[in-house]
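Engineer: Let me give you the structure first, and then I'll get to my questions.
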Amino acid sequence: MMFGQYPTGPFDLLIGERTEEVRLTTNELVKVQEYKKNLINTLRYAYNIVKQHAEIEKLKQKAKYDRHTTDRRYTEGDLLLVTKMTRDERQALSQRICNFYCDSSNKSVKTTVHYFVKQNIPRRTIYYILNKYLRYGIARDQSRSGRPLKLSNKKLNDIVKSVNNRSGISQRKIGRRFHVHHSTISRNLRRKTSIRIRKRQTAPKMDSEDQEKRAKTNCGKLYCKLLSGCDPILDDENFFTLTGDNVIGNRFFYSTDLTTAPVDIKFRKKKKFESKIMIWMAISSKGVSDVYVHKSKQAIRQDTYLNQCINKRLLPFIEKYHQDNNYLFWPDLASAHYSKSVQERLNEKNVLFVIREDNPPNVPQARPIETVGTLLERKVYESNWEAKNLDVLARRIKKKSKDLDQKMLQDMIDGVRRKLRAMWREGLYSVL
């Protein structure tokens, strides 16, 4: 029971008195000094005993070690053999010892050892080389076994065959099958094989083989029509919502602490039935037509497409940029685009367009306007912009459509011929 006081130990006495405690009397101080002196003498005596025993043990260990060593004494001019030899030097020494053993010593181990010990070669090295020669009949170094492989070459080949050109593969299941960790599977495939994990690309899916064959054939027909150097004109519709959360640049955010991030930044709030508008636009290497904003949730009907898209926007666009009639209008395969009234109006104005039978179905990879729609979407929603209503959104779309790079549009349209040719000859997915 110390009653909350700090106890005084031997080291406190050696160091000195604690200033916060009550000073000792004269008799107590004398006793403390005597205890301190006796403790120091006892510790020094114990230290000297330990030091003497340690020196004795050192001499004993040195004597045991020296039993297996050779007393080598060198004078100036002696030839020395470097202890650490290369593999070629070690094999050359082994060959010398074995040749001497067979040819000069009449296969006498004692004579061979005595001869090479005089050349300052360790006795253990000579015995090791002779023992290996008598046991295996060879003087050269054998290949080391090393750490055993967890996966043999046969197992690795089986793994390659089971995963090559296949999707839905789990390395954990393969590891359980071969009784190894999944990291071993990944490491061996990466270092010892040409197998690489690749991301599957998004591509349009055809409904049938007949549709795929028809698309490939029509790509060839369309390519032949564009060989004359005419400028293709393409149109398409795109949907826009009030928020651009689906844009790649707005899917992520930066934060040092997730718990302090604002709710509007941390979460993408989405309505179940969000308001949206559909826009129509046409492009060519000359530029972009006026954008038509369709606020109805339904698709564009043939009368709307004829009046708002063809009469008010496409025909003025052709008259402004393509007065030489060196163009080809390539519409989408929507029903409204090939209605009877629309075709009659195009024929009436002598507009050259791709007929329905020659229009390749479901080939967005050959239509650069699909990419232009994505680029326009990024411009509209850049810096996580949000529209308060549909009118504000429509004005921003029309404004940003005029900011599209003219050089970029020209390069995209110029690549249509090359893509159609590749899809016709090498397959529909060769340009992806």
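Engineer: Quick check on my filter: what residues within the range 371-420 are small (G, A, S), under 25 Å from K216 (Cα atoms) and surrounded by fewer than 17 Cβ atoms within 10 Å (Cβ to Cβ)?
Structural biologist: Answer for the range 371-420, where residues must be small (G, A, S), under 25 Å from K216 (Cα atoms) and surrounded by fewer than 17 Cβ atoms within 10 Å (Cβ to Cβ): just G415.
Engineer: Here's something else I'd like to know. Could you please find all residues in the range 289-306 being in a helix (DSSP H, G or I) and surrounded by 14 or more Cβ atoms within 10 Å (Cβ to Cβ)?
Structural biologist: Start the filter on the range 289-306 by keeping residues that are in a helix (DSSP H, G or I), which leaves 302-306.
Listed by number, the residues that qualify are Q302, T304, Y305, L306.
Engineer: Condition check: in contact (Cβ under 8 Å) with a residue 60 or more places away in the chain, polar (S, T, N, Q), assigned to a helix (DSSP H, G or I) and crowded, with 18+ Cβ neighbours inside 10 Å. Does N218 satisfy that?
Structural biologist: yes
Engineer: When the residues of the range 307-342 are narrowed to those that are of a type in the set (S, T, N, Q) and not in a helix (DSSP H, G or I), which ends up farthest from Y223 (Cα to Cα)?
Structural biologist: Only one residue fits best here, namely S339.
Engineer: Just need a number here: residues in the range 132-148 that are touching a Phe, Trp or Tyr at 6+ places or on another chain (Cβ under 8 Å) and of a type in the set (G, A, S).
Structural biologist: Looking only at the range 132-148, we keep the residues that are touching a Phe, Trp or Tyr at 6+ places or on another chain (Cβ under 8 Å), and these are 133, 139, 142.
From what is left, the residues that are of a type in the set (G, A, S) are 139.
Total satisfying the criteria: 1.
Engineer: Now for a different question. Select from the range 368-413 the residues that are of a type in the set (S, T, Y) and in contact (Cβ under 8 Å) with a residue 12 or more places away in the chain and list them in ascending order.
Structural biologist: T371, Y381, S401
Engineer: Residues S255, S228, S284: which one is surrounded by 19 or more Cβ atoms within 10 Å (Cβ to Cβ) and in the same structural domain as M412 (by TED's automatic domain parsing)?
Structural biologist: Exactly one of S255, S228, S284 is surrounded by 19 or more Cβ atoms within 10 Å (Cβ to Cβ) and in the same structural domain as M412 (by TED's automatic domain parsing), namely S284.
Engineer: Identify all residues within the range 121-132 that are surrounded by 14 or more Cβ atoms within 10 Å (Cβ to Cβ) and not hydroxyl-bearing (S, T, Y); write none if there are none.
Structural biologist: Scanning the range 121-132 gives I121, P122, R123, I126, I129, L130, K132.
Engineer: So, in the range 139-174, exactly how many residues are within 27 Å of the chain's Cα centre (by Cα) and on the phi > 0 side of the Ramachandran plot?
Structural biologist: Going through the range 139-174 one residue at a time, the tally reaches 2.
Engineer: So, one more: Would you say V160 is part of a loop (DSSP other than H, G, I, E, B), surrounded by 11 or more Cβ atoms within 10 Å (Cβ to Cβ) and not hydroxyl-bearing (S, T, Y)?
Structural biologist: Working: part of a loop (DSSP other than H, G, I, E, B): no; surrounded by 11 or more Cβ atoms within 10 Å (Cβ to Cβ): yes; not hydroxyl-bearing (S, T, Y): yes.
Against the criterion (part of a loop (DSSP other than H, G, I, E, B), surrounded by 11 or more Cβ atoms within 10 Å (Cβ to Cβ) and not hydroxyl-bearing (S, T, Y)), V160 does not qualify.
The values are calculated or read from the model by the stated rules, or taken from the named source; none is laboratory data. All values reported here derive from a predicted model rather than from experimental measurement. Glycine also receives a Cβ, built like all others from the backbone with ideal geometry; neighbour counts cover every protein chain displayed.
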